[in-house]
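S.K.: Below are the structure tokens for one structure; questions will follow.
The values are calculated or read from the model by the stated rules, or taken from the named source; none is laboratory data. Fair warning: this is a prediction, and the values are worked out from it, not measured in the lab. Don't worry about glycine lacking a Cβ; one is built from the backbone with ideal geometry, like all the others, and counts go over all protein chains shown.
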Amino acid sequence: MLLELNIKNFVIIDELNISFDKGFNVFTGETGAGKSIIIDAMNIVLGGRATKEFVRTGEEKAAIDALFNISKINGIEEILEELGIDKEQDNTLLISRQIYNTGRSIARINGRTVTLSMLKKLTSKLVDIHGQHEHQSLLSPEKHVEFIDSLGSNNIRKIKNEIVYWYDKLKDKKKSLESLSSDDMERERKIDLLKFQIEEIDNANLKTNEEEELIGEYKALSNTEDIIKTVGLINEMLCSDNYRNDSVIDRLSKISSLLTNIAKYDNKLDKYLELINDILYQLQDISIEFRNYQDNINYDEERLKFLENRIELINNLKRKYGQDIKEIIKYKENIEKELDFIINSEKEIKNLKDEIKEIENILDDLCKKLTIERKKVGKQLEINIINELKEMNLKNVIFKIKYDKFNYFTRNGIDKIEFLISTNPGEPLRPLSKIVSGGEMSRIMLSFKNILAEVDNIHCLVFDEIDTGISGRTAQIVAEKISKIAKTHQILCVTHLPQIASMADSHFLIEKNVKESKTVTSVHKLDYEERIDEMSRLLGGVNLTDTTRKHAEEMLKLTKVCKNSL
């Protein structure tokens, strides 16, 4: 139920706050007063297209807020949870839309910014606008099957639940089959590729730490000449007296001897003598190690070539299968499993195909049962719609439901259903959306709403100019129909007919005035005396007389009796 609508700086609306009641709320006013502007604002806050033209001249932005009570709306909590929006404890829901003079707009639900698709998903559960806007669910063939099902018995719901269960299983099985199956050529190509990759890695006989060892040996072997030369020079520096007259060891030996001679005069020199001797002994050991290392250096050209090829092989495998040998081995293990799965999947593929066929047979049977049940409901709906329309002076109407089938299963069965109608003798049946006459369209939509009122989950219905093209007795019938729907739904109705206005539970007058050289629209909820004045205007025009006032008062009294009898 819509509780409040706040509009600011929207077209010719300066600032407007409307509090709605349950039941039948009606809007009347002079032509051009702004009735359609209020409907436009409501349509935009529900997710309709917004442009900068809606922003009041001279203002930066327009703002529209709609406050709803959602306590009796089925499925709304699931949508809020899906959108990640917290539900208020008092069961209220605030939808806001701001439109800037740049053309940009922002939508919010309970203060959280949302996309228009998110907004529309939610508001489709809140309001159904019948007018020149997109919230015309009865004109959409995709919705027709839902209307049939909503009028159906528990049997339809039970069959649909079974269809959903088996449809989801079918999707899972087909997904599994798709992941296993491919054409034979592609499958063989995949097997050949995996076998080649496994063989390539196997032939390399990789060891986990091999690369580091190979690189180390390669560096040493490829630099043998430099190593021999450098080690020889070091030995010469350590031991040979040809290197600048004295070797390092010779010089240290002389230093040791000199220190030995003078240490006997000062025992403080003993520690230096000991350090020099230690260094001397270590250098002598190092010299021996270097000579041994030098004697054992062996340049092997074949070994160097082997190392180069081996390292190149590992680098090639790394480029294909991983950053290091561990990753290459892990990759091989994974593709071995994949190859085994593909080779052994033939049996699994056959099993899946058998299961899919079995599920399709079950679904086919369930869909046939659902079609039978829907046609039972549809047959009664055809009768009820024709009766409703005849009551509203469409005497020669023909209403039929067209049944077709999709060539695939859906969660909703395979039925493709569309409502067709002919309102005049000799005219062919046409889809509801092709009806041209506004008066006919209004009555057709109202007939559906009246039949679906008890099961329709959308609790707020907006009728914008529902009275187009009707008058007299037909207008009275339409008024009674709307009043009957208002017993279970909240109705917001824009009208210019006194028959419809008289049936309202709450009557709002929309007026246009000039304020400080600017045109503004205002809305005022009428009391009883004010309703008589407005009803008099609807009945007799601008000049109100005692006769029209009495007529208006009498109409309101008769309406009260009529409403009680509905």
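To keep it simple, each residue is scored yes or no on (1) within 23 Å of ASN424 (Cβ to Cβ); (2) part of a helix (DSSP H, G or I); (3) modelled with pLDDT under 75; (4) over 39 Å from the mean Cα position of the chain (by Cα).
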| residue | (1), (2), (3), (4) |
| --- | --- |
| GLU454 | no, no, yes, no |
| ILE466 | yes, no, yes, no |
| ILE470 | yes, no, no, yes |
| ARG473 | yes, yes, no, yes |
| ILE477 | yes, yes, no, yes |
| GLU480 | no, yes, no, yes |
| THR488 | no, no, no, no |
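S.K.: When the residues of the stretch 60-71 are narrowed to those that are farther than 20 Å from ASN91 by Cα and among the small types (Gly, Ala, Ser), which ends up farthest from the chain's Cα centre (by Cα)?
M.R.: For the stretch 60-71, the residue satisfying everything is ALA62.
S.K.: How about the stretch 22-59: which of its residues are exposed (fewer than 14 other Cβ atoms within 10 Å of the Cβ) and either over 30 Å from the mean Cα position of the chain (by Cα) or assigned to a strand (DSSP E or B) (or both)? Give the derivation first.
M.R.: Step one: list which residues in the stretch 22-59 are exposed (fewer than 14 other Cβ atoms within 10 Å of the Cβ), which gives 31-32, 49, 51, 53, 57-58.
Correct list: THR31, GLY32, THR57, GLY58.
S.K.: While we're here: When the residues of the stretch 311-333 are filtered to those that are free of Cβ contacts under 8 Å to residues at least 24 places away in the same chain and surrounded by 15 or more Cβ atoms within 10 Å (Cβ to Cβ), which remaining residue is nearest to the chain's Cα centre (by Cα)?
M.R.: By that ranking, first place goes to GLY322.
S.K.: Right, next: Does at least one position in the stretch 110-132 carry a residue that is more than 24 Å from the chain's Cα centre (by Cα), crowded, with 18+ Cβ neighbours inside 10 Å and in a strand (DSSP E or B)? So that I can check it myself, show each step before the final result.
M.R.: At the first step, the residues of the stretch 110-132 found to be more than 24 Å from the chain's Cα centre (by Cα) are 129-132.
Still in the running and crowded, with 18+ Cβ neighbours inside 10 Å: 129-131.
Still in the list and also in a strand (DSSP E or B): 129-130.
Within the stretch 110-132 (the criterion being more than 24 Å from the chain's Cα centre (by Cα), crowded, with 18+ Cβ neighbours inside 10 Å and in a strand (DSSP E or B)), the answer is yes, since at least one residue qualifies.
S.K.: Restricting to the stretch 490-537, and then to whatever is part of a loop (DSSP other than H, G, I, E, B), among the acidic types (Asp, Glu) and more than 42 Å from the chain's Cα centre (by Cα), can you tell me which residue is farthest from LEU5 (Cα to Cα)?
M.R.: The first filter runs over the stretch 490-537 and keeps only residues part of a loop (DSSP other than H, G, I, E, B), leaving 495-497, 502-505, 516-517, 526-527.
From what's left, among the acidic types (Asp, Glu): 505, 516, 527.
Narrowing further to those that are more than 42 Å from the chain's Cα centre (by Cα): 516, 527.
On the way: GLU516: 25, ASP527: 20 Å.
Top of the filtered list is GLU516.
S.K.: Mind telling me which of the residues ILE359, ILE328 ends up being of a type in the set (Val, Ile, Thr) and under 30 Å from ALA204 (Cα atoms)? Quick ask: steps written out before the conclusion?
M.R.: Values: ILE359 fails: under 30 Å from ALA204 (Cα atoms).
Just one listed residue meets the conditions, ILE328.
S.K.: Taking the condition in contact with an Asp or Glu (Cβ under 7 Å, 6 or more places away or on another chain), aliphatic (A, V, I, L, M) and without any contact (Cβ under 8 Å) to a residue 60 or more places away in the chain, does LEU94 pass? Before you say what the answer is, go through the steps one by one.
M.R.: On the way: in contact with an Asp or Glu (Cβ under 7 Å, 6 or more places away or on another chain): yes; aliphatic (A, V, I, L, M): yes; without any contact (Cβ under 8 Å) to a residue 60 or more places away in the chain: yes.
Yes; evaluated as a whole, the condition is true for this residue.
S.K.: Continuing with this model, one more query. Can we say LYS400 is more than 19 Å from ILE156 (Cβ to Cβ), free of Cβ contacts under 8 Å to residues at least 40 places away in the same chain, outside any helix (DSSP H, G or I) and among the basic types (Lys, Arg)? Spell out how you get there, then give the answer.
M.R.: Working: more than 19 Å from ILE156 (Cβ to Cβ): yes; free of Cβ contacts under 8 Å to residues at least 40 places away in the same chain: yes; outside any helix (DSSP H, G or I): yes; among the basic types (Lys, Arg): yes.
Taking the combined requirement at face value, the residue satisfies it.
For (1) assigned to a helix (DSSP H, G or I); (2) at pLDDT below 75; (3) acidic (Asp, Glu), each residue gets a yes or a no:
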{"site": "GLU217", "(1), (2), (3)": "yes, yes, yes"}
{"site": "LEU221", "(1), (2), (3)": "yes, yes, no"}
{"site": "ASN235", "(1), (2), (3)": "yes, yes, no"}
{"site": "TYR243", "(1), (2), (3)": "no, yes, no"}
{"site": "LEU252", "(1), (2), (3)": "yes, yes, no"}
{"site": "LEU273", "(1), (2), (3)": "yes, no, no"}
{"site": "GLN284", "(1), (2), (3)": "yes, no, no"}
{"site": "GLN294", "(1), (2), (3)": "yes, yes, no"}
{"site": "PHE306", "(1), (2), (3)": "yes, no, no"}
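S.K.: Looking at the stretch 496-532, which of the residues that are crowded, with 21+ Cβ neighbours inside 10 Å and of a type in the set (Gly, Ala, Ser) is farthest from VAL26 (Cα to Cα)?
M.R.: Top of the filtered list is SER502.
S.K.: Considering (1) touching a residue at least 40 places away in the same chain (Cβ under 8 Å); (2) touching a helix residue (DSSP H, G or I) at 6+ places or on another chain (Cβ under 7 Å); (3) buried (at least 19 other Cβ atoms within 10 Å of the Cβ); (4) within 21 Å of PHE463 (Cα to Cα), say which one MET535 fails and leave the rest.
M.R.: (1)
S.K.: Just to be sure I understand, how many residues within the stretch 61-85 are surrounded by 11 or more Cβ atoms within 10 Å (Cβ to Cβ), among the charged types (D, E, K, R) and over 22 Å from ASP21 (Cα atoms)?
M.R.: The qualifying residues number 4.
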